[in-house]
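Data first, discussion second: the structure below is written as structure tokens.
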Amino acid sequence: MEKSNDIPVLYIDALYGNIDETFRTGNKKMADELLALFAKGKVKGLDLKPTMYPMRGPYADLNTQFIVLQAGFLSYLWTVCYFMIGLIDLYQERAQQPVTVVRLSDDNEFMMLNNTLGWGRSLKFGEEDEVTSWPDYIPNPTQSERRVLQANHIFVLATCYLMYHEVGHLVLHADAKDFIKMTKSRDYVLSNEDKRRIRTMEIQADSYALDCMLISIDDEHERYMRFLGTIVAQLSEFFVRTFPAHTLGGQHPDLDERLKRILHRVDVQYPGYKLNLDLTASIGLQLFFALTFTDYIPEDQNNFGFDNFDALTKYLFDIIGEWKNKYHEEANKNH
Ligand SMILES: [Zn+2]
């Protein structure tokens with residue numbers, strides 16, 4: 001078995017050109033703004049790290065002004081995109097009224113989706129000597145089947161959203177460099193005020209990133225795709241948590257709050273698009289419950305149905321809310 005630091009970057013680097021291009025020139029207004037930021041030296045460029053494991057999410061290096069993306073994380077994110085697109089397909093094939101929860105089955109198609117995401121997640125959770133390079137038995141971005149092409153498209157948009165979040169930090173929080181350094185030093189204990197400040201910065205960067213995604217994009221389908229990429233990017237953070245209470249952000253805003261904030265901004269008019277976005281959020285949350293072995297289906301399923309995906313998503317958010325309350329109660333008891 002190869003050692004983790006020898007795992008070669010396979011397949012995902014085929015999309016680096018698309019990422020760079022969409023990031024810089026994906027929409028006219030943003031292209032001008034980025035050029036100005038580059039000219040002022042606020043953003044210096046992209047740093048694509050070839051490491052595959054252990055996986056690390058994107059970040060802004062406040063010293064070098066580079067946005068750092070790691071091949072391992074990007075590979076994981078692609079598997080999330082492929083999985084979500086496949087699951088939406090499967091769900092739509094089997095859709096019935098009223099809206100109900102997704103039954104994850106053990107048919108071949110689902111197993112393939114599951115294996116794909118499973119490999120992606122192994123870049124985070126795998127034992128070091130068991131992590132492998134991109135397996136041939138799962139799909140990859142260099143193939144040409146429809147679902148791969150869709151996954152590639154969503155992946156590029158999801159990556160752009162995460163990059164714009166980091167641009168947001170570089171633009172909005174350059175003066176907080178010393179503060180961030182201090183909070184990351186080994187023995188520093190965060191005060192509640194520090195935590196509030198960090199959370200506020202994260203919310204600002206999220207909001208900045210969504211603005212970047214949508215600015216000067218008027219075409220309804222393109223707006224829909226950008227919301228989809230953004231939602232999938234946010235969902236990808238859920239699937240690397242091992243317990244439901246880990247949606248609690250700690251220093252970061254809670255994951256469910258971040259996802260809710262995105263959903264509240266959805267303004268596409270075409271009902272089919274709106275439905276698909278709600279479906280995506282709902283499937284993503286259900287997958288999160290499945291991955292964390294959380295019960296979310298009541299024993300009595302006779303009246304367990306929803307008028308629409310909005311209602312189902314609200315039900316799922318409420319379960320996360322209950323979980324967080326329980327967690328806070330326990331934490332208070334132990335103090
Ligand atoms: Zn951030």
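The values are calculated or read from the model by the stated rules, or taken from the named source; none is laboratory data. Just so you know, these numbers come straight off a predicted model, no measurement behind them. Reconstructed Cβ throughout: ideal geometry from the backbone, glycine too, with neighbour counts over all protein chains shown.
Here Q204, Q286 are screened, and the one residue that is under 25 Å from T22 (Cα atoms) and in a helix (DSSP H, G or I) is Q204. Look at the range 218-238 and say how many of its residues are surrounded by fewer than 18 Cβ atoms within 10 Å (Cβ to Cβ) and either under 23 Å from the mean Cα position of the chain (by Cα) or in contact (Cβ under 8 Å) with a residue 24 or more places away in the chain (or both). Residues in the range 218-238 being surrounded by fewer than 18 Cβ atoms within 10 Å (Cβ to Cβ) and either under 23 Å from the mean Cα position of the chain (by Cα) or in contact (Cβ under 8 Å) with a residue 24 or more places away in the chain (or both): 3 in total.
Of the residues that make up the range 121-135, is at least one within 16 Å of the ligand (Cβ to nearest atom) and buried (at least 19 other Cβ atoms within 10 Å of the Cβ)?
no
When residues in the range 281-313 are screened for being loosely packed, with under 13 Cβ neighbours inside 10 Å and without any contact (Cβ under 8 Å) to a residue 60 or more places away in the chain, 8 of them pass.
Does D211 meet the test of being surrounded by fewer than 16 Cβ atoms within 10 Å (Cβ to Cβ), outside any loop (DSSP other than H, G, I, E, B) and either away from the ligand (no atom under 14 Å from the Cβ) or modelled with pLDDT under 95 (or both)?
It is true that D211 is surrounded by fewer than 16 Cβ atoms within 10 Å (Cβ to Cβ), outside any loop (DSSP other than H, G, I, E, B) and either away from the ligand (no atom under 14 Å from the Cβ) or modelled with pLDDT under 95 (or both).
For the range 148-190, a residue qualifies if it is away from the ligand (no atom under 16 Å from the Cβ), crowded, with 16+ Cβ neighbours inside 10 Å and not aliphatic (A, V, I, L, M), and the qualifying residues are Q150, N152, H153, F155. Pairing each residue of the range 42-56 that is closer than 17 Å to W134 by Cβ with any residue that is of a type in the set (D, E) and surrounded by 14 or more Cβ atoms within 10 Å (Cβ to Cβ), provided the two are 6+ apart or on different chains, yields C-beta distances under 8 Å for L48/D13. I138 falls short on exactly one of the conditions (1) buried (at least 17 other Cβ atoms within 10 Å of the Cβ); (2) more than 21 Å from the chain's Cα centre (by Cα), and that condition is (2).
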